[in-house]
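The structure under discussion appears below in the form of structure tokens.
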Amino acid sequence: MSTLPSPTSTSSRSTSFPFPSIYSFPPFFTRQPNSQTWTSQLSLWNSLILAYCRYNRIWRIDLNTAIEWDLFNNRDINRSLKLETSKEVLDSMVKKGDAEWVSGSGSHVSKNTSAIIYWRRPEEWANIIADWIDSTGQKNTILTLYEIAEGDLSLSQDFRGIDPTILRKALDVLIRRGQAQIMKSADGEEAGVKFFGSQ
Amino acid sequence: MRLWSPIDLTAAYRPVLFIDETDNLVQNSVGLYEGRVRLPSYQNGRLYLTSHRICYVDVASPLTNSVAINLPDVKTIQYNAGFLKSSPKITIHFADTLSSASSPISPSSLNGTPQSRSPSESTVSLPNLTNFGALSPKQSTAGLISLMSWICPICSHSNNLPSNYRPNVSPIPPCTICGVKPPESVIQDALAETGANGMTESLASDDCSSISSSGVEQEGLACPKCTFLNNSAMRYCEICGTRLPTTAFNPSDYVLDKNFARRESYLPFKMGGSAQSSRNGLQEELPTLVKISFRNGGDKAFYDKTKEVLTERTWLKNLARAKQVEQTITITKNPVTEPVQQRPITPSFGIHGLQRMVERERMHNQDLMSSLDDLHSLMKKARDMVSLAEGFAIRLASSPGVPDEARRALRESSQALSLSSPIVTKEMAGGGSDQIYYGELARQLAEFLDGGVLKSEGGIATLFDVFALYNRARGISLISPKDLYSACSVFEELGLPFKMRRFKSGLTVVQETLKNDDITIRSLVDWVKTAEKKPSGEENGVTAQDVRQHFGWSVGVCVEELETAQDQGKLCSDIVVEGTRYYVNAIADVSWDWKYELFKEVEKREILDAREPAKVHPEVSSDNPGESMEQVISSPHIIGRSA
């Protein structure tokens with residue numbers, strides 16, 4: 001187990017994200033008035049955000065802070081994406097299903113600044129988790145949600161540290177397929193999940 | 001079409017005016033009649049009343065069907081009010097003696113070639129009648145009357161002999177007063193006698209026109225200055241170097257409108273033969289009146305104005321000036337580059353020539369000096385200055401080795417001095433509607449823009465610029481922005497080579513019709529492709545200022561063109577605090593397969609679901625350890641598990 005890469009080694013990648021060439025194209029940071037160009041620009045931003053988040057294993061983006069990231073700031077050419085443009089980008093990602101706004105529950109953040117980024121869709125996560133359960137022989141055992149995201153067995157998995165909301169959605173997919181079942185504790189809280197073998 | 005003669009048109013289909021000729025009135029939707037015959041292909045056109053002519057410009061085919069009549073030939077005009085379905089008409093009567101003769105201005109008729117004449121003329125009894133190509137009115141009339149008349153022995157009336165009269169063949173014509181046929185001997189006597197008289201009269205004439213009867217031609221040409229009889233082949237007097245009058249007219253004489261002016265002032269010219277026929281009882285064959293039918297009103301105004309012009313007789317006043325201008329042009333023309341058959345040039349040889357040249361230089365210098373003394377004298381000399389500038393321009397254009405800037409500067413300065421044609425005013429459209437006025441204004445604008453103004457603006461000029469430039473050229477009686485706008489709006493309707501274009505932002509420009517937006521955008525984008533790269537190879541984009549420097553458009557136009565290109569998706573913009581820079585649109589073309597590039601995932605998401613789970617299974621990835629993040633992360637785990 002000592003060979004396992006530590007989370008720190010994963011996070012150290014964030015500095016070396018290989019930005020695509022379009023990232024150095026100044027107009028890329030200006031919202032293009034031509035609708036066709038803008039559509040193309042949106043999809044490029046969409047890809048860039050997904051790639052960046054996946055590379056750096058980022059599950060959520062809060063625009064208020066993320067706007068300062070190098071994702072939205074190319075300091076080499078001194079260009080940055082405006083906050084409202086980045087919101088538009090995320091809006092379009094939400095429409096495509098690549099992201100989802102998190103309503104600022106309880107916090108003072110205004111609506112639509114924080115979003116979950118689905119660099120894999122819940123269905124994909126469901127497949128991956130099911131495969132993982134299968135390959136690690138954990139069928140018919142009950143796992144807590146925490147164990148899936150943070151347990152020893154999931155250390156090297158893609159879904160390591162997965163956002164609980166995404167995990168829950170992935171599990172929902174499995175439940176619909178009849179491959180898993182949520183176990184509730186006595187006080188009604190979701191305590192764990194039981195996986196069945198895929199017949 | 002004997003009375004109506006073809007005319008030259010400008011690029012904007014307006015008649016080319018002679019020097020000193022001014023536009024007075026324009027009326028559209030008119031049709032022409034000659035005699036009582038309706039001219040079928042001349043039924044819808046614009047009528048221009050100038051100080052010298054009435055010009056008809058056909059709407060359908062202006063280049064072929066544009067004609068004019070010369071006002072000096074007009075005897076009377078008569079107004080016929082419309083009745084029921086008949087449009088109001090103006091009937092123009094021509095002086096009998098001039099009617100058919102003076103008007104045709106086609107090159108062939110200028111040569112006096114007889115093929116366009118009626119067959120009767122080729123059989124004229126008197127020798128050399130067809131050679132009368134270039135008689136001045138006064139002389140020809142005088143000479144012909146004396147040549148052709150016979151005195152009736154009954155009533156003593158001086159009758160004219162028909163041109164087709166042949167001694168001993170034709171029937172003897174009766175006296176036009178008493179109707180009695182004279183004895184044949186009277187006619188023969190008259191022929192013999194008047195032949196001699198005509199010669200002497202012609203010789204005695206000090207007019208600079210030609211001496212055309214054959215007898216004189218054989219002997220030689222008398223110099224108008226020193227009366228030396230030169231050989232008829234000479235063009236300049238052998239003694240004093242004065243230009244000799246020539247007998248034949250050269251069509252190339254009429255290329256320059258300056259020459260038109262001169263010819264105009266000498267009106268009317270005669271084709272000897274046809275003059276004869278019209279003088280001798282053939283009037284019933286040749287119509288002596290034309291009618292103009294006004295289908296769209298304006299008849300009364302046109303009639304009044306024509307009457308006014310006929311009373312003024314401007315052409316007489318300008319006779320002297322026209323001569324003077326002609327002289328200037330002659331001097332300033334470069335003799336070397338003139339083709340031989342061009343109009344004769346004042347000889348520059350001999351003491352006489354030198355003297356005259358020096359004299360003229362001195363006069364020009366005086367003109368230049370005195371005209372710069374104060375503005376008032378400049379105003380007085382304005383026309384001379386313009387003609388002088390034109391003269392310089394001609395000389396410059398024909399001599400090699402003159403720098404282009406000099407030529408351009410000269411052209412521009414003459415442009416700034418005045419418009420090439422008299423200014424169009426609202427009064428010109430007279431009784432007509434604003435539509436006529438705007439049409440004319442549009443035509444003049446087109447001429448103005450065509451003269452290099454639009455070129456200096458890079459082919460696209462904003463309405464503001466056009467307004468300023470055009471009004472500056474007009475100098476007086478400025479037009480309002482609304483007039484300009486209305487005039488520009490009818491460019492395309494009138495088939496002029498310009499159009500008005502409104503950008504998205506509302507900025508309105510005038511540009512050539514040929515340069516459609518696509519071509520402009522394409523050339524712009526092509527240029528941006530080369531210009532956006534810095535020498536270092538780094539992409540830097542272009543600003544509106546850069547475009548201005550390259551294309552010569554005004555900045556407003558540059559911005560609009562760039563934005564149009566952007567709207568079409570050809571360019572994209574980079575808006576920063578320093579301004580907006582434009583780049584060739586790389587965004588639309590880029591596709592980025594990030595999943596493959598970063599994570600070596602070849603498949604698409606949908607395929608992933610359909611595939612065997614083993615494909616993405618850790619076991620498989622453990623078999624081929626790759627650089628992909630997934631595998632890097634998952635492989636050790638699997639190894640750990642299986643071990």
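Considering only the stretch A:53-76, how many residues are of a type in the set (Ser, Thr, Tyr) and either within 10 Å of the chain's Cα centre (by Cα) or crowded, with 19+ Cβ neighbours inside 10 Å (or both)?
The qualifying residues number 1.
B:ASP546 - would you say it is acidic (Asp, Glu), within 45 Å of the chain's Cα centre (by Cα) and at the interface with chain A (Cβ under 8 Å from one of its Cβ atoms)?
No; evaluated as a whole, the condition is false for this residue.
If a residue must be part of a helix (DSSP H, G or I) and within 7 Å of chain A (Cβ to nearest Cβ), how many such residues does the stretch B:563-577 contain?
Counting residues in the stretch B:563-577 that are part of a helix (DSSP H, G or I) and within 7 Å of chain A (Cβ to nearest Cβ) gives 2.
Kindly establish whether A:PRO33 is in a helix (DSSP H, G or I) and not aromatic (Phe, Trp, Tyr).
The answer is no for A:PRO33.
Return yes when B:TYR485 is within 14 Å of another protein chain (Cβ to nearest Cβ) and either assigned to a helix (DSSP H, G or I) or modelled with pLDDT of 85 or more (or both) and no when it is not.
no
Considering only the stretch A:78-197, give the helices (runs of 4 or more DSSP H) lying wholly within it that have at least 2 residues that are surrounded by fewer than 16 Cβ atoms within 10 Å (Cβ to Cβ).
A:83-96, A:145-150, A:164-177
For the subset of the stretch B:581-613 comprising residues that are among the β-branched types (Val, Ile, Thr) and surrounded by fewer than 13 Cβ atoms within 10 Å (Cβ to Cβ), which member is modelled with the lowest pLDDT?
The qualifying residue modelled with the lowest pLDDT is B:ILE607.
Just one of A:SER105, A:SER47, A:SER156, A:SER135 is at pLDDT below 80 and within 14 Å of chain B (Cβ to nearest Cβ); which is it?
A:SER156
Could you tell me whether B:TYR56 is of a type in the set (Ser, Thr, Tyr) and touching a Gly at 6+ places or on another chain (Cβ under 9 Å)?
yes
For B:SER163, state whether it is at pLDDT 65 or above, under 40 Å from the mean Cα position of the chain (by Cα) and not assigned by TED's automatic domain parsing to the domain that holds B:PRO72.
Criteria met by B:SER163.
For the subset of the stretch B:517-547 comprising residues that are part of a loop (DSSP other than H, G, I, E, B) and surrounded by 13 or more Cβ atoms within 10 Å (Cβ to Cβ), which member is modelled with the lowest pLDDT?
The extreme case among them is B:GLU532.
Please state which of the following conditions B:ASP23 fails to meet, knowing it meets all the rest: (1) within 12 Å of B:VAL290 (Cβ to Cβ); (2) buried (at least 21 other Cβ atoms within 10 Å of the Cβ); (3) not hydrophobic (A, V, I, L, M, F, W, C).
Exception for B:ASP23: condition (1).
The values are calculated or read from the model by the stated rules, or taken from the named source; none is laboratory data. On a predicted model such as this, the values are computed, not experimentally measured, just so you know. Positions of Cβ are generated from backbone atoms using ideal geometry, with glycine treated the same way; all protein chains shown enter the neighbour counts.
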